[in-house]
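Just below is one structure, and these are the notes that go with it.
The values are calculated or read from the model by the stated rules, or taken from the named source; none is laboratory data. Please read these numbers as outputs of a predicted model, since none were measured by experiment. Glycine also receives a Cβ, built like all others from the backbone with ideal geometry; neighbour counts cover every protein chain displayed. When the accessible area is computed, the model is the full protein with side chains, heavy atoms only, and any ligands, DNA or RNA have been set aside. Shrake-Rupley method; radii C 1.70, N 1.55, O 1.52, S 1.80 Å.
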Amino acid sequence: MKKWMIASLSLLIFASGCANKPSEVINDETLEAQSKAAGKAREYLTYKIDQEKKSVNRGLITQTVNNRSDMDEIETGLMSQSIKYFPPDKVNYQEGQYLTGIKDWIKRKSSSNKTGLNPELEIKDGMGWEDQVKLEKDNPAYLAYIHEQNYVDSDGKIQGVSLGLAMNSVDYIRVQDSQKLMHFDEKQISSKEMAAYGKKAAETIVKRIRKNSKLKDVPIMISLYKLQPTNSVVPGNYFTTAFIDGNDNSIKKWSDLDEEYYYFPSDKGEEKNRDLAKNLLNLEDEVAKYFSHQDIKLVGKALYSNDSINKLVIEVNTGMVKEAELIGFSQVFGTEIVDYFPNIPVYVYVKTPKGVKATMVKEVDQEPFVDIQ
């Protein structure tokens with residue numbers, strides 16, 4: 001993995017695929033200097049990350065959340081919410097280590113699972129599949145996933161816990177009949193129902209956390225996240241949050257958040273911000289001039305908070321696989337996003353046939369840096 005800052009507009013660019021741009025050889029000494037600069041910049045959330053300890057619920061999110069965009073936003077969005085309560089200059093980020101019962105918590109409550117936080121179903125002997133479907137629609141599964149993040153001091157001592165409760169906007173129902181045939185239906189869950197149930201579940205979770213001797217006086221931040229339907233092209237968003245001081249055992253107040261993602265290109269996105277839509281199309285055309293041998297497509301997702309752009313995420317889809325090409329492309333693209341979006345935080349993910357191979361981060365009033373994987 002190579003990281004470096006894009007130091008200025010006079011970029012170091014590989015000759016491969018970069019016509020009409022100045023070219024220089026990037027030697028090991030230059031890469032080392034750039035890597036050190038990038039290390040100081042860190043990623044946009046600025047948390048130092050403990051890479052050694054993995055989540056005790058690792059992999060669970062892939063079983064309960066169907067939208068890839070939601071998976072990413074649940075984590076990064078929660079980190080963004082956490083900055084206010086757990087400053088990056090005082091604590092480090094660590095994957096969740098304490099809530100070992102989450103897998104059972106997000107299931108339905110039953111005689112065999114007393115800790116389930118979703119509504120219990122009273123399925124009677126001989127009940128037909130039609131009645132079972134109705135029962136599930138009347139008592140949908142509201143809570144899909146609980147994401148735990150830990151914030152620790154330099155010695156690894158826990159200083160704070162953040163929890164993201166991922167709430168279903170649609171409950172997808174599957175019922176098997178007596179002939180072992182599957183029947184499918186779905187229940188739309190209103191924002192009001194979602195919020196009410198999420199807040200109730202959060203109260204229960206706080207009580208459970210306080211029973212853990214290691215967390216009995218640790219500050220907790222809880223935020224409720226609205227999942228998008230399975231086929232959505234944009235992620236959902238956190239819509240309300242609460243902070244529980246280390247001396248408290250219950251939630252005193254919820255603070256609503258006004259956040260929403262817009263997708264580009266789309267009619268809704270263009271209606272929201274015509275200039276942003278135009279800039280993304282122009283950026284795609286501009287980059288294509290220097291990489292005419294590649295089919296490059298851009299997808300933008302803009303997060304609006306209180307009707308202002310909070311960040312712009314750009315996914316670059318390309319067939320590039322060679323490291324030299326990716327480095328050259330990333331440096332050219334880094335310059336362009338500074339020109340096109342000088343006042344917007346921009347996070348770029350370069351997707352190749354082998355997965356995400358490059359990441360670019362540009363904060364306002366900062367030079368972007370690149371991470372080639």
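Could you tell me the relative contact order of the range 216-373? Use alpha-carbon pairs under 8 Å, at least six residues apart, and round to a whole percent.
15 percent
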Set Lys157/Lys362; Lys278/Lys301; Lys54/Lys214 screened for pairs whose C-alpha atoms are more than 20 Å apart: Lys157/Lys362
Ranked by GNM mean-square fluctuation in the chain (Cα springs under 10 Å), the top entry among Lys180, Lys322, Lys114 is Lys180
Can you pull out the chymotrypsin sites (Phe, Trp or Tyr not before Pro) in the range 104-188 whose DSSP state is coil and whose Cβ has at most 12 other Cβ atoms within 10 Å? none
For the chain, give the share of DSSP beta bridges that are antiparallel, in percent and rounded to the nearest 5; count only bridges with both residues there. 80 percent
Cleavage-rule hits (trypsin sites (Lys or Arg not before Pro)) in the range 121-150: DSSP loop, at most 14 neighbouring Cβ within 10 angstrom: Lys124
For the range 295-335, the Cα-Cα pair-distance distribution in 10 Å bins from 0, as whole percents, is 24, 43, 23, 10, 0
Please report, in whole Å³, the volume per residue of the convex hull around the C-alpha atoms of the chain. 162 Å³
Which whole-number value in Å³ per residue fits the convex hull of the alpha carbons of the range 306-360? 73 Å³
Which value in Å is the Kirkwood Rh of the range 252-373 over different Cα pairs? 15.1 Å
Set the bar at 32 Å for Cα to Cα. Now go through Lys107/Lys211; Lys84/Lys114; Lys124/Lys211; Lys192/Lys272 and name every pair that lies beyond it. Lys84/Lys114; Lys124/Lys211
P(r) weight above 24 Å for the range 114-225, C-alpha pairs, percent: 41 percent
In the chain, carbon and sulfur make up what percent of the accessible area (probe 1.4 Å)? 46 percent
With just the Cα atoms defining each centre, how far is the range 254-279 from the range 74-95? Give it in Å. 25 Å
Shape parameters for the range 174-314, alpha-carbon atoms, Rg then Dmax in Å: 21.6, 61
The equivalent-ellipsoid semi-axes of the range 103-168, taken as the square roots of five times the Cα gyration tensor eigenvalues and listed largest first in whole Å, are 36, 12, 6
If I take the Cα coordinates of the range 43-94 and project them onto the principal axes, what are the three extents in Å, biggest first? 34, 22, 18
What FRET efficiency would be calculated for the residue pair Asp72, Ile123, taking the C-beta separation as r and a Förster radius of 30 Å, to the nearest 0.05? 0.25
